[in-house]
1. Going through the range 154-175 one residue at a time, which ones are assigned to a loop (DSSP other than H, G, I, E, B) and either within 12 Å of ligand 1 (Cβ to nearest atom) or among the aliphatic types (A, V, I, L, M) (or both)?
2. From Ala40, Ala69, which residue is closer than 23 Å to Asn124 by Cα and either away from ligand 1 (no atom under 16 Å from the Cβ) or not aliphatic (A, V, I, L, M) (or both)?
3. Tell me whether the range 255-267 contains one or more residues that are modelled with pLDDT of 95 or more, surrounded by 14 or more Cβ atoms within 10 Å (Cβ to Cβ) and part of a helix (DSSP H, G or I).
4. Output the number of residues of the range 133-153 satisfying the condition of being among the hydroxyl-bearing types (Ser, Thr, Tyr) and more than 9 Å from ligand 1 (Cβ to nearest atom).
5. Anything in the range 156-171 that is buried (at least 24 other Cβ atoms within 10 Å of the Cβ) and out of contact with any Lys or Arg (no Cβ under 7 Å at 6 or more places or on another chain)? List them, or say none.
Amino acid sequence: MPSKARILDGNSESEIDECVEMLRAGSVIGIPTETVYGLAAIATNSSAINLVFTIKERPTSHPLILHIADVSMLDDWATNISSEARALCKKFWPGPLTLILHKSDKVLTEVTGGRDTVAIRCPNHSVTTKLLKKLNDAVVAPSANKFGKVSPTTAKHVVNDLGSDISIVLDGGDCSIGLESTIIDCTTTPPQLLRTGAITAEQILRECNITVVSASGESRAPGMLEKHYAPVCRVVLVSSSQEGLIEAQRYVADGFKVRLLDLTEDLDMFARLLYSSLRTADKDGINVAIVVRAPMKGIGFAINERLEKAANSFLK
Ligand code: AMP
Ligand code: MG
């Protein structure tokens, strides 16, 4: 289906006003954040939220993250907020950190898939902050791609993926981080790390003196699947460029079109370019992307978590 989406840069007040009106009317739009582009719907309208699930083809049991303009809106959406959660918001918001909290009565069932907890974050992007402030409400904003696929990190990616389903994408430039937010469950003691991201457990300990443990027992993060972030091409992980070259030769000999990706020199750049590199590989008709794993430090944990899932997606 042809794209019907207009790209707006959000620099003029009238463009932001137009987006606010669209959201208030129950439409969904693409919005920029520092992590990945989101598919936004106003959080107080059930049918708008249902539209997000329909467009993404996402199971309704996978709860959505609420995005708020600033920390002053937090108590509208959450109750019984722990002192650890307050400290994390103070330190890392606006920023790539999502907190799981006890939900307030205002949170609609559709947002949480019926759970009594809610995921909330305050994104750090000037265009989206302006939008959220004018809207004076929260939005849900999962990544603006079809369920299970590679997340978008440019407005163009959103148009390519969902241009026939939405009419506006706000263009805020390339995402500065490029990977989804860290998710911490603050309803448990100690808090649990449900998804890795740019903000690490080590950084939280260092900067807030809060110990965050890995999620244990049954997965506490519904929608955390073994297979995710999947390009069309097969993703093969290796530990070094040298090993990558050997693998590449093997696949080339079998007649595959291969690309070797080693971005390990600069981990922030690796995170920023990972999804667009996988998308470019698909566009170029690559069959096998051989990717050198990140070292296990800083954002490297989050990069590898995404890569493992992308690689698993090919395994039947
Ligand atoms: P995203 O797919 O980036 O929109 O992130 C949504 C993810 O956040 C879900 O798939 C869950 O893993 C997690 N999440 C959202 N709400 C909750 C919740 N109430 N409890 C636990 N995890 C949640
Ligand atoms: Mg996603």
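The values are calculated or read from the model by the stated rules, or taken from the named source; none is laboratory data. Only a predicted model underlies this, so the values are computations on that prediction, with no experimental measurement involved. Every residue, glycine among them, receives a Cβ derived from its backbone with ideal geometry; neighbour counts consider all protein chains shown.
1. Step one: of the range 154-175, the residues assigned to a loop (DSSP other than H, G, I, E, B) are 154, 163-167, 171-175.
Of everything in the range 154-175, just one residue is assigned to a loop (DSSP other than H, G, I, E, B) and either within 12 Å of ligand 1 (Cβ to nearest atom) or among the aliphatic types (A, V, I, L, M) (or both), namely Ile166.
2. Values: Ala40 fails: either away from ligand 1 (no atom under 16 Å from the Cβ) or not aliphatic (A, V, I, L, M) (or both).
Selected residue: Ala69, the only one of Ala40, Ala69 that is closer than 23 Å to Asn124 by Cα and either away from ligand 1 (no atom under 16 Å from the Cβ) or not aliphatic (A, V, I, L, M) (or both).
3. Yes, because at least one residue in the range 255-267 is modelled with pLDDT of 95 or more, surrounded by 14 or more Cβ atoms within 10 Å (Cβ to Cβ) and part of a helix (DSSP H, G or I).
4. So in the range 133-153, the residues among the hydroxyl-bearing types (Ser, Thr, Tyr) come out as 143, 151, 153.
Within this subset, residues satisfying the condition of being more than 9 Å from ligand 1 (Cβ to nearest atom) are 153.
Of the residues in the range 133-153, 1 are among the hydroxyl-bearing types (Ser, Thr, Tyr) and more than 9 Å from ligand 1 (Cβ to nearest atom).
5. Those that are buried (at least 24 other Cβ atoms within 10 Å of the Cβ) and out of contact with any Lys or Arg (no Cβ under 7 Å at 6 or more places or on another chain): Val158, Ile166, Val169, Leu170.
To keep it simple, each residue is scored yes or no on (1) more than 16 Å from ligand 2 (Cβ to nearest atom); (2) closer than 26 Å to Met269 by Cα; (3) without any contact (Cβ under 8 Å) to a residue 24 or more places away in the chain.
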site	(1), (2), (3)
Gly163	yes, no, no
Gly172	yes, yes, no
Leu194	no, yes, no
Ile199	yes, yes, no
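Each row is one residue, and each column tells you yes or no for (1) within 16 Å of ligand 2 (Cβ to nearest atom); (2) more than 19 Å from Gly178 (Cβ to Cβ).
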residue: Glu84; (1), (2): no, yes
residue: Leu97; (1), (2): no, no
residue: Leu131; (1), (2): no, yes
residue: Val140; (1), (2): yes, yes
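Yes/no per residue for (1) within 16 Å of ligand 2 (Cβ to nearest atom); (2) crowded, with 19+ Cβ neighbours inside 10 Å; (3) free of Cβ contacts under 8 Å to residues at least 24 places away in the same chain; (4) within 30 Å of Thr112 (Cα to Cα):
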| position | (1), (2), (3), (4) |
| --- | --- |
| Leu225 | yes, no, no, yes |
| Gln242 | no, no, yes, no |
| Arg250 | no, no, yes, no |
| Asp282 | no, no, no, no |
| Val292 | no, yes, no, no |
| Gly298 | no, no, no, yes |
| Leu307 | yes, yes, no, yes |
